[in-house]
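Notes for the one structure printed next.
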Amino acid sequence: MLITIDDVLTTQELATARDLLARSQWQSGAITAGPQAAQAKNNQQLPESAEHLTALRQLVLGALNRSPLFFAAALPLKVLPPFFNRYGGDANTYGFHTDCAMRLSPQRGEGYVRADVSATLFLSEPEEYDGGDLTIEDTFGTHGVKLKAGSLVLYPSSSIHAVTPVTRGQRQACFMFIQSMVRDAGQRRLLYDMDMALLQLRQEVGESDPVVRLTGTYHNLLRRWADS
């Protein structure tokens, strides 16, 4: 399931994030790559010691917490503290790879998070750089994603994906790993489709008896499939 969500960040939040990133020190992106991914990864990333990392993480997590579409699509149980990367110059690409299934939280004592859903929050406008498409393979083919700044794409962490070389400008983004309450991607898709259909039905016919009963079916499926 590949889902995009527009305007996750407000205009002011996006401006704040970009200002903090402009005043940050960057390191090689290999600091969070597994052995296989490290061979394909050539970008830069904010290290855990970065001065503005805590403020950036709080800003992004606050935006996610108020997004009903993010909750409906990811059904998040745990969200690993967000990371921030940039592509440009000599550090401009990330070849095809898959995300590690288990990610150790950078925050002491929080242990591992199972990566069910990956997310990229774009922080640069598409016209500010050439290339830099997030390329995701799924059962329906290969998809290139390049969203406006402040918008988010969610996709299964099991997907093979890459970032094409940035040949002009600079691409900045936030990337995240989410452990879902519903581990199975197919079940998450069914629940998301049902939730979106129910939302439309409520707008068209209100809380009719069939809508109430279908809502009960949605929650009963969530009870059956969810872990917490």
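Could you give the accessible area per residue of the chain, probe 1.4 Å, as a whole number in Å²? The partial results should precede the final answer.
On the way: 11340 Å² over 228 residues.
Value returned for the chain: 50 Å² of accessible area per residue.
To the nearest 10 degrees, how steeply does helix 209-225 sit against the main Cα axis of the chain, on a 0 to 90 scale?
50
Taking the Cα centre of the range 1-118 as the origin and placing charges on Cβ (Lys, Arg +1; Asp, Glu -1), which of Leu14, Ala72, Ala50 is farthest toward the positive end of the dipole?
Sorting the options by dipole projection puts first Ala50.
Kindly identify the range 11-74 as rounded, prolate or oblate by the Cα gyration tensor criterion: order the square roots of the eigenvalues as a ≥ b ≥ c, call it rounded if a/c is under 1.5, otherwise compare a/b with b/c, prolate if a/b is larger, else oblate.
Working: a/c = 2.63, a/b = 1.33, b/c = 1.97.
In terms of gyration-tensor shape, oblate.
So how strong a dipole does the chain carry about its Cα centre when Lys and Arg Cβ are +1 and Asp and Glu Cβ are -1, to the nearest 20 debye? Can you show the working numbers first?
Working: 21 positive and 24 negative charges, 110 e Å.
I would put it at about 520 debye.
Note down the magnitude of the dipole of the range 162-205 about its Cα centre, charges +1 on Lys and Arg C-beta and -1 on Asp and Glu C-beta and zero elsewhere, to the nearest 20 debye. Show your work: numbers first, answer last.
Details: 6 positive and 4 negative charges, 59 e Å.
Its charge dipole is roughly 280 debye.
Restricting to DSSP loop positions (anything but H, G, I, E, B) with no more than 12 other Cβ atoms inside 10 Å of their own Cβ, which chymotrypsin sites (Phe, Trp or Tyr not before Pro) remain in the range 160-228?
Numbers: sites: Phe175, Phe177, Tyr192, Tyr218, Trp225; in loops: none.
For chymotrypsin sites (Phe, Trp or Tyr not before Pro) across the range 160-228 that sit outside H, G, I, E and B with at most 12 neighbouring Cβ atoms in 10 Å, the list is empty.
If packing is taken as the average count of other Cβ atoms within 10 Å, what order do 131-143, 153-165 fall into, highest mean first? Don't jump to the answer; show the numbers that get you there.
Numbers: 131-143: 15.5, 153-165: 19.8.
Ranking, from highest mean packing down: 153-165, 131-143.
Angle check, please: helix 185-205 long axis (alpha carbons) against the longest principal axis of the chain (alpha carbons), in degrees 0 to 90, nearest 10.
60
Note down the nm distance, to one decimal, between modelled labels 7 Å out along Cα→Cβ at Gln200 and at Asp6.
Once both label points are built, they end up 1.7 nm from each other.
Quick check: the angle from helix 53-65's long axis to the longest principal axis of the chain, C-alpha only, nearest 10 degrees?
20
Whole Å is fine, so just give me how far the alpha carbon centre of the range 120-195 lies from that of the range 34-105.
11
Would you mind computing the Rg to Rh ratio of the chain from its alpha-carbon coordinates, Kirkwood style for Rh? Let's see the in-between values first.
Values: Rg = 18.2 Å, Rh = 18.5 Å.
Across the chain, the Cα-based Rg/Rh ratio is 0.99.
Under a GNM of the chain (C-alpha, springs under 10 Å), which listed residue has the highest mean-square fluctuation: Asn42, Asn85, Asn65?
Asn65
For the ranges 103-116, 67-80, what's the packing order if you count other beta-carbon atoms within 10 Å of each residue, average per peptide, and put the highest first?
Numbers: 103-116: 14.2, 67-80: 18.9.
Final packing ranking: 67-80, 103-116.
Quote the relative contact order of the range 1-136 in percent (integer), defining contacts as alpha-carbon pairs under 8 Å separated by 6+ residues.
Values: 128 pairs, mean separation 32.5, N = 136.
About 24 percent, as a whole number.
Normalised radius of gyration for the range 49-117, please: alpha carbon Rg relative to 2.2 N^0.38 Å, two decimal places. Walk me through the numbers before you get to the answer.
Details: Rg = 14.2 Å, N = 69, 2.2 N^0.38 = 11.0 Å.
Normalised Rg, Cα atoms only: 1.29.
Under 19 Å between alpha carbons, and skipping anything fewer than 8 positions from Lys148 in its own chain: which aspartates and glutamates qualify?
Asp6, Asp7, Glu13, Asp19, Glu125, Glu127, Glu128, Asp130, Asp133
Could you pull the Rg and Dmax for the range 135-227, using just the Cα atoms, both in Å?
In order Rg, Dmax, the Cα atoms of the range 135-227 give 17.7, 56 Å.
The values are calculated or read from the model by the stated rules, or taken from the named source; none is laboratory data. For clarity, every value in this text was computed on a predicted model and none was experimentally measured. As a convention, Cβ positions derive from the backbone with ideal geometry for all residues, glycine included, and neighbour counts pool all protein chains shown. For accessibility, only protein heavy atoms count, side chains too; no ligands or nucleic acids. Shrake-Rupley method; radii C 1.70, N 1.55, O 1.52, S 1.80 Å.
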